[in-house]
Each structure stands twice: as C-alpha cells, then as structure tokens.
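One structure below.
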Amino acid sequence: MSSKVCTEKDHNIWVERVLRRKRRLERLKKLGRWWWWSWMAMQLSDLPFMGRFFTWIAGLPVGSFRSRRVLARIKTYISPKAQIGCPNLHLGPNCFIDDFVTIWGTDGSVILGKRVHLYRGTIIEAAQGGKVIIGENTHVQPGCNLNGYVSEVRIGRKVMVSAGCAFTPYQHNLDDLSQPMSDQPLISKGDIVVEDDVWLGMGVKVMDGVRIGRAAVVGANAVVTKDIPPYSIAVGVPARVIGKRGATQ
C-alpha cells in the first residue's frame, strides 16, 4: 500500500514539473518569435564584464520600459542603465530593475524579495547601519526614494508604491546651535514599517518611526507622521484616518 502511495506521489510531482515547464515555455513564447534569443542572452546576463551587454541583447526583441518585465520571468533583470553600488545587496529571483534605478550603500544593506519591481528613476540608499527591505511581489513605481540611513525601511509583500513616494527613517539633530544643521548627527524615532497589501498614492512621504498597517490606503501627497491602523484610509498633511476599507457608506 505504501509503495502504491509513493508511486502516485512521485507521478504527481513529475506531472507538476512537466506542467510548470510547459507554462514557463508558454510565457516565454509571449516574447514573440525571438523568445529563444532573449532566453539565451538572459542566461549570460550575470557574467562579469559582459553581463550588461547580454542583458541589452536580451531586451532588443522585447521593446522598451514595461514591456521588458517579461525578461524577469526568465531571470532577474537588471537594466544596463541601472547603477548598482551596494556590497550588501541581496536580490531574490525574478526581480526587475529598470533603467536609471540607483541602488547605493556602504555599511548598510538592501534586500529585495522575489519578483520585486523597481521602476526607472527610483533611488535606494543604505548607510550608517540602515537597511531597506522590500517583500516579494512589491512594485515601486518611477521616481521613488528610499533612504535606509540609521534605521530600517521595511516594506511588505504585494505593496503598491506609486510614483514619487519617499521613505525617510531619520532626521537631523536640531539641538546643537553651535553647529551647522548639515554637520549635526542623524537621529531616528525608529524604523519605517509598511505591512503587506498596502497602497500608497502618488507622492506619499513616510517619516521615521511610522507603521502603516496591513491593507491600508494612503492618498496622494499625504505626509505620514503617525501610525495608520490596518485597513484604514488616510489622507492629508499630516495624514489622518478618514475611514475604513469595506465600511458601510
């Protein structure tokens, strides 16, 4: 009996693998008649010195901007026009790093979960022991700024970060009047935490020590200086809760 169960289990695993490969092949064929060209070039995209060249080659049959996201289904895609200078960078599988994205760090670290998308013009910095951590399937739209200095910026899974958002988990000290503001040390009220399934509208600014609860929505151009409970809707400067998702109108 046990051998029969084992055989059925092995058969199911084999069938699932075949179906998975078939689905992957169908996705690749969406690249068009030249899908094999892109696939082969992406296999060489992480070679030293020549990797950027092969990434560029892979993108030629696909087109520009968001159309290149399909390449991340093959392998993590880092645009040849991105600037990466972070020794403590950890990339999950199938990430998409668009043109003109900058990831920079010294003694900080940047951790991207699988299938994270960073769109053009976004800047991530990590220094002075800070971190930027982004969970799987989170998309960060163009022109965002994530500053992981002193404390951490932790963004959960399936978070929608609209264009022009900024995360700043630190401030300059204000107390020493004998020094210019730019020379005073950085201080922090704590980490920025954005839980899973949050939607941040265009231009939202999130300050140090703030937690945005699961599945909350923050309206465009809001400045978040205090915690926002889960499933809340918040707007304004400073942001204030005006309702709950799913509540009867």
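Taken over the range 194-249, the criterion of being within 17 Å of the chain's Cα centre (by Cα) and among the β-branched types (Val, Ile, Thr) is satisfied by VAL194, VAL198, VAL204, VAL206, ILE212. Each residue in the range 111-133 was checked for being more than 15 Å from GLN83 (Cα to Cα), free of Cβ contacts under 8 Å to residues at least 24 places away in the same chain and β-branched (Val, Ile, Thr), and 2 of them qualify. For the range 53-88, enumerate the residues that are of a type in the set (Gly, Ala, Ser) and either assigned to a loop (DSSP other than H, G, I, E, B) or in contact with a Cys (Cβ under 8 Å, 6 or more places away or on another chain) (or both). Residues satisfying the conditions are GLY63, SER64, ALA72, SER79, ALA82.
Residues in the range 128-172 that are modelled with pLDDT of 95 or more and in contact with a Pro (Cβ under 6 Å, 6 or more places away or on another chain) were compared, and the one that is nearest to LEU112 (Cα to Cα) is VAL153. All conditions but one from (1) within 30 Å of ARG66 (Cβ to Cβ); (2) part of a loop (DSSP other than H, G, I, E, B); (3) out of contact with any Gly (no Cβ under 8 Å at 6 or more places or on another chain) apply to VAL206; the one that does not is (2). Within the range 129-184, the set of residues being of a type in the set (Lys, Arg) and touching a strand residue (DSSP E or B) at 6+ places or on another chain (Cβ under 8 Å) comprises LYS131, ARG154.
Of the residues making up the range 98-117, those that are in a strand (DSSP E or B), under 17 Å from ILE155 (Cβ atoms) and out of contact with any His (no Cβ under 8 Å at 6 or more places or on another chain) number 2.
Restricting to the range 122-150, name every residue that is among the polar types (S, T, N, Q) and in contact with a Phe, Trp or Tyr (Cβ under 6 Å, 6 or more places away or on another chain). Before you say what the answer is, go through the steps one by one.
Taking the range 122-150 as the starting set, the residues that turn out to be among the polar types (S, T, N, Q) are 122, 128, 137-138, 141, 145, 147.
Within the range 122-150, GLN128, GLN141 qualify.
For the range 219-249, filtered to residues that are closer than 15 Å to TRP199 by Cα and either touching a Leu at 6+ places or on another chain (Cβ under 7 Å) or among the hydroxyl-bearing types (Ser, Thr, Tyr) (or both), the residue that is surrounded by the fewest Cβ atoms within 10 Å (Cβ to Cβ) is TYR231.
Only one of the numbered conditions (1) out of contact with any strand residue (DSSP E or B) (no Cβ under 8 Å at 6 or more places or on another chain); (2) closer than 28 Å to GLY156 by Cβ; (3) free of Cβ contacts under 8 Å to residues at least 24 places away in the same chain is violated by PHE54, and that is (2).
Residue count for the range 155-208 under the criterion of being surrounded by fewer than 19 Cβ atoms within 10 Å (Cβ to Cβ), closer than 23 Å to GLY129 by Cβ and among the basic types (Lys, Arg): the result is 1. Would you say ASP196 is at pLDDT 95 or above and not hydrophobic (A, V, I, L, M, F, W, C)? When the stated conditions are applied, ASP196 passes them.
For the range 47-78, give me each residue that is loosely packed, with under 15 Cβ neighbours inside 10 Å and in contact with a Lys or Arg (Cβ under 8 Å, 6 or more places away or on another chain). The answer is PHE65, and nothing else. Residues in the range 161-203 that are of a type in the set (A, V, I, L, M, F, W, C), in a loop (DSSP other than H, G, I, E, B) and free of Cβ contacts under 8 Å to residues at least 24 places away in the same chain were compared, and the one that is nearest to VAL110 (Cα to Cα) is LEU174.
The values are calculated or read from the model by the stated rules, or taken from the named source; none is laboratory data. As the structure is a computational prediction, the values presented were derived from the model and not from experiment. Glycine gets a Cβ as well: all are built from the backbone with ideal geometry, and neighbour counts include every protein chain shown.
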